[in-house]
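Encoded as structure tokens, the structure appears first; notes follow it.
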Amino acid sequence: MDPKKILNDIISQIKDALKIGPKGLVGVDIGLSAVKVAQVSGNEENGYTLLAYGSHPLPEGAIIEDDIQKEEEIIDAIKQAIEKAGIKSVNTCIGLSGPNTVARKLQLAGGSDEEVEDQVSWEVEQYIPFSIETSKVSFHIVGENEGGGVDVIVAAAKGEVVETYKDLLIQAELKPKIVDLGVLSLVNVFEHLYFEKLEDPNHSWIVIDLGAQKAEFVIYKNHKIMFTKEIAIGGVMITEEIQRQMGVNYYEAEDLKNNGDENGNLPEEILEIIDDVVESFFAEIKKTVDFYISSTSDESFVECVLTGGSCVIPGLIEGLEALLGISVSIINPFEEIDYDKKNIKEEQLNEIAYRGVSVLGLAMRSE
Ligand SMILES: Nc1ncnc2c1ncn2[C@@H]1O[C@H](COP(=O)(O)OP(=O)(O)OP(=O)(O)O)[C@@H](O)[C@H]1O
Ligand SMILES: [Mg+2]
């Protein structure tokens with residue numbers, strides 16, 4: 001074995017044991033369109049600084065839902081993103097999503113730690129679409145509920161999926177330390193950014209991360225996640241429609257959608273496709289909001305905030321405002337989170353602001 005690697009391993013083991021260094025874990029977000037990595041310093045009280053960020057695109061169909069289709073390419077993209085970011089640490093927090101993961105708020109009767117644990121396993125068994133014996137479950141108590149019990153947020157993922165993703169990191173020469181859910185890392189950033197505005201216990205917020213293959217949809221109220229759902233809508237549906245109608249390949253369609261023609265304008269044909277597909281996004285969002293309202297009678301929405309690469313689709317904000325009847329805006333993480341000007345270039349800021357929120361949340365986690 002390479003002596004340098006042995007030495008590095010020993011040093012990192014010592015660092016692990018002592019937990020030294022101001023930097024947190026390296027966040028790794030594997031989305032359909034790209035791998036994103038980030039490193040952050042700081043904490044909730046003193047604020048956070050983004051130290052490093054890197055992303056690397058994935059080829060078409062590298063991952064479908066949470067099923068890895070092109071393992072080598074993903075490992076390579078992780079390595080490239082880490083290299084571009086100039087990240088040297090190896091301890092990582094990865095976010096999972098997809099049909100084999102579940103995040104839910106549960107109202108439990110409460111009691112001792114063991115009693116709560118028992119209640120969690122009983123309840124979770126009813127909600128997860130996979131067997132509890134083979135899944136990884138973790139939960140944290142968010143507070144007491146009106147009935148005198150406790151509210152908990154439960155995160156569960158199919159064991160195999162956790163192992164597959166950990167293995168990807170190991171193959172990319174990283175160390176998986178925390179496996180989180182993408183939707184919880186999104187909420188992590190949202191709470192940090194909007195902290196003061198979330199004081200009113202009667203106000204509900206809608207948070208949406210509209211990515212390439214899915215939208216993470218969250219309703220948040222009174223410092224709690226009230227509801228989450230992964231909706232099967234995303235930018236790739238527009239890309240596929242452009243491919244189909246215009247007879248171009250995936251990469252050409254992405255380029256047409258994101259950059260327009262040679263003058264940077266979106267041709268009429270593309271705008272029509274976008275409008276049609278976005279209508280179907282609205283229908284799905286409306287269904288989800290209506291489901292929430294009918295099951296909780298809560299209609300106290302005050303604001304909707306968006307993130308994800310697809311939130312810049314023309315007409316999206318206006319359409320959502322008309323649909324929901326509340327103001328809709330795009331999350332700007334840099335209103336609250338500082339960044340290292342030596343390491344993060346001005347021209348990266350836009351991309352990070354739109355597409356990096358989830359990975360920022362992962363990098364804000366501490367062990
Ligand atoms: N200027 C733009 N106009 C329209 N869409 C864009 C633009 N820039 C990026 N997108 C779209 O945003 C999506 C990528 O966003 P993001 O990085 O948030 O997704 P992801 O995390 O890879 O996907 P997912 O979370 O769904 O797995 C792609 O569908 C891409 O085409
Ligand atoms: Mg994403």
Is there any pair with a first residue in the range 31-60 that is farther than 13 Å from Glu336 by Cβ and among the charged types (D, E, K, R) and a second that is part of a strand (DSSP E or B) and within 16 Å of ligand 1 (Cβ to nearest atom) whose Cβ atoms are under 7 Å apart and which are 6 or more apart or on different chains, and what are they? Lys36/Asp29; Lys36/Ser55
I need every pair where a residue in the range 328-353 that is at pLDDT 95 or above has its Cβ under 6 Å from the Cβ of a residue that is exposed (fewer than 15 other Cβ atoms within 10 Å of the Cβ), sequence separation at least 6 or different chains. Val328/Glu321
Per the list (1) more than 10 Å from ligand 1 (Cβ to nearest atom); (2) surrounded by fewer than 19 Cβ atoms within 10 Å (Cβ to Cβ); (3) not aliphatic (A, V, I, L, M), residue check on Gly260 breaks on (1)
Return only the number of the condition from (1) surrounded by fewer than 17 Cβ atoms within 10 Å (Cβ to Cβ); (2) part of a helix (DSSP H, G or I); (3) of a type outside the set (Phe, Trp, Tyr) that Gly147 does not satisfy. (2)
From the residues in the range 198-232 that are of a type in the set (Gly, Ala, Ser) and touching a helix residue (DSSP H, G or I) at 6+ places or on another chain (Cβ under 7 Å), which one is surrounded by the fewest Cβ atoms within 10 Å (Cβ to Cβ)? Ala212
Taking interchain pairs and intrachain pairs at least six residues apart, which have beta carbon atoms under 9 angstrom, with the first residue in the range 89-113 and within 23 Å of Gly159 (Cβ to Cβ) and touching a residue at least 60 places away in the same chain (Cβ under 8 Å) and the second of a type in the set (Ser, Thr, Tyr) and assigned to a strand (DSSP E or B)? Asn100/Ser135; Ala103/Thr228; Arg104/Thr228; Lys105/Thr228
Considering only residues that are part of a strand (DSSP E or B) and under 19 Å from Gly110 (Cβ atoms), which ones fall in the range 121-142? Val137, Ser138, Phe139, His140, Ile141, Val142
Look at Glu279 and say whether it is at pLDDT 95 or above and part of a strand (DSSP E or B). no
When the residues of the range 201-213 are narrowed to those that are in contact (Cβ under 8 Å) with a residue 24 or more places away in the chain and more than 16 Å from ligand 1 (Cβ to nearest atom), which ends up farthest from the chain's Cα centre (by Cα)? Asn202
Within the range 311-325, can one find any residue that is under 18 Å from the mean Cα position of the chain (by Cα) and touching a residue at least 60 places away in the same chain (Cβ under 8 Å)? yes
How many of the residues making up the range 345-363 are in contact with a strand residue (DSSP E or B) (Cβ under 7 Å, 6 or more places away or on another chain) and more than 16 Å from ligand 2 (Cβ to nearest atom)? 1
Asp167 passes all but one of (1) modelled with pLDDT of 95 or more; (2) in contact with a Leu (Cβ under 8 Å, 6 or more places away or on another chain); (3) of a type outside the set (Val, Ile, Thr); (4) surrounded by fewer than 19 Cβ atoms within 10 Å (Cβ to Cβ); which number fails? (2)
Does Glu146 qualify as being of a type outside the set (Val, Ile, Thr), more than 25 Å from Leu362 (Cα to Cα) and modelled with pLDDT under 85? yes
Looking at Glu279, Glu241, Glu252, can you tell me which residue is of a type outside the set (Lys, Arg) and under 24 Å from the mean Cα position of the chain (by Cα)? Glu279
Filter result (within 14 Å of ligand 1 (Cβ to nearest atom), more than 30 Å from Glu299 (Cβ to Cβ) and not in a helix (DSSP H, G or I)) within the range 317-359: Gly356
Just give me the residues in the range 289-298 being out of contact with any Ser or Thr (no Cβ under 8 Å at 6 or more places or on another chain) and either under 18 Å from Lys105 (Cα atoms) or touching a residue at least 12 places away in the same chain (Cβ under 8 Å) (or both), in sequence order. Val289, Phe291, Tyr292, Ile293, Ser294, Ser295, Thr296, Ser297
Checklist (1) acidic (Asp, Glu); (2) under 14 Å from Leu168 (Cβ atoms); (3) in contact with a strand residue (DSSP E or B) (Cβ under 8 Å, 6 or more places away or on another chain) applied to Glu73, failing item: (3)
Filter the range 290-316 down to the residues that are in a helix (DSSP H, G or I) and out of contact with any helix residue (DSSP H, G or I) (no Cβ under 7 Å at 6 or more places or on another chain), then identify the one that is surrounded by the most Cβ atoms within 10 Å (Cβ to Cβ). Tyr292
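The values are calculated or read from the model by the stated rules, or taken from the named source; none is laboratory data. Keep in mind that what you see is a predicted model, and the values were worked out from it rather than measured. Here Cβ is always computed from backbone atoms with ideal geometry, including for glycine, and neighbour counts include all displayed protein chains.
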